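Please treat every number below as a calculation from the coordinates, not as lab data. All of these numbers come straight from a predicted model, not from anything done at the bench. All Cβ positions, even for glycine, are placed from backbone atoms using ideal geometry, and neighbour counts span all protein chains on display.
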Ligand code: B16
Ligand code: MG
């Protein structure tokens, strides 16, 4: 195997490695149902990758709902309680199809692995799904001041891996996450819908749609195309 231009892969968590993005949506939807306003999975796309606080601001903007500061605080607590109820039921079966094979392939090819998530619950998700041992570095929402689309979480992961951004590839499912990766000077693979992730350097629907060796070939070809 040729030596690739990248030394590390940095993975977003929710929606890339595990399907928690759907649990975030279901938790917010229980709240909007109580408000008697409509909030669809399509609306939820613009919340993905944002911090809990920024997600609520976005949700209020979308739905036109108004809350007092105290109601806002209470809503954030409630949303997290709802989300954590979903997390208690998580098992290794919640790892998205094709993910483990991809991580194994990258490790076997001496690529270092990191998680960079906006979620303050990221370590619990990694533990419940038994993904923790795969990663050399984990940066979560408790360790950053500025959430995506700010690049802080990815830059912190690169610093802990002791590499420069151009030596890593970021995998992201959210528009805000792709923007964060690009702002940080990373090469970015979008995982999901092409119309939402069009700014990424490469887009794959999910890890089940591409074999690890084909993904490796696509990743290795990226360096020439990438404009930092
Ligand atoms: P929490 P990621 C993000 O995780 C989610 O995409 C986003 O929907 C959520 O609001 C955010 O984490 C905060 O999560 O409420 O658990 O702190 O995609 O960056 O792994
Ligand atoms: Mg995500």
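Across segment 151-198, Cα-Cα distances exceeding 14 Å account for 42% of all pairs.
Convex hull volume of the C-alpha atoms in segment 173-228, normalised per residue: 67 Å³.
In segment 34-96, inverting the average of 1/r over every pair of distinct C-alpha atoms gives 13.2 Å as the Kirkwood radius.
Kindly give Rg over Rh for segment 29-148, based on alpha-carbon atoms, with the Kirkwood expression for the hydrodynamic radius.
1.03
Going by C-beta contacts inside 10 Å, put 102, 188 in order with the fewest on the left.
In increasing order of surrounding Cβ atoms, one gets 102, 188.
Pop out the Kirkwood hydrodynamic radius of segment 62-128 from its pairwise C-alpha distances, inverse of mean 1/r, in Å to one decimal.
Final number for the Kirkwood radius of segment 62-128 is 15.1 Å.
Arranged from fewest to most other beta-carbon atoms within 10 Å of their beta carbon, 28, 134 become 134, 28.
Find the all-direction average of the projected area of the Cα convex hull for segment 80-183, expressing the result in square nanometres with one decimal place.
Spelled out: convex hull of the Cα atoms, projected over all directions, averaged, 6.8 nm².
Multiplying each eigenvalue of the alpha-carbon gyration tensor of segment 124-209 by 5 and taking the square root yields semi-axes of 20, 17, 13 Å, largest first, rounded to whole angstroms. Segment 8-55 has equivalent-ellipsoid semi-axes of 24, 10, 8 Å, by the square roots of 5 times the alpha carbon gyration tensor eigenvalues, sorted largest first. For the chain, the mean residue ellipticity at 222 nm estimated from helices alone is -13000 deg cm²/dmol, where every DSSP H run of n ≥ 4 contributes -39500 (n - 2.57) and the total is divided by all residues, rounded to the nearest 500.
Semi-axes of the equivalent ellipsoid of segment 1-82 are 32, 13, 11 Å, computed as sqrt(5λ) over the eigenvalues of the C-alpha gyration tensor in descending order.
Given the chain, what whole percent of its Cα pairs are spread farther than 28 Å?
Details: 7012 of 25878 pairs.
Roughly 27 percent, once rounded to a whole number.
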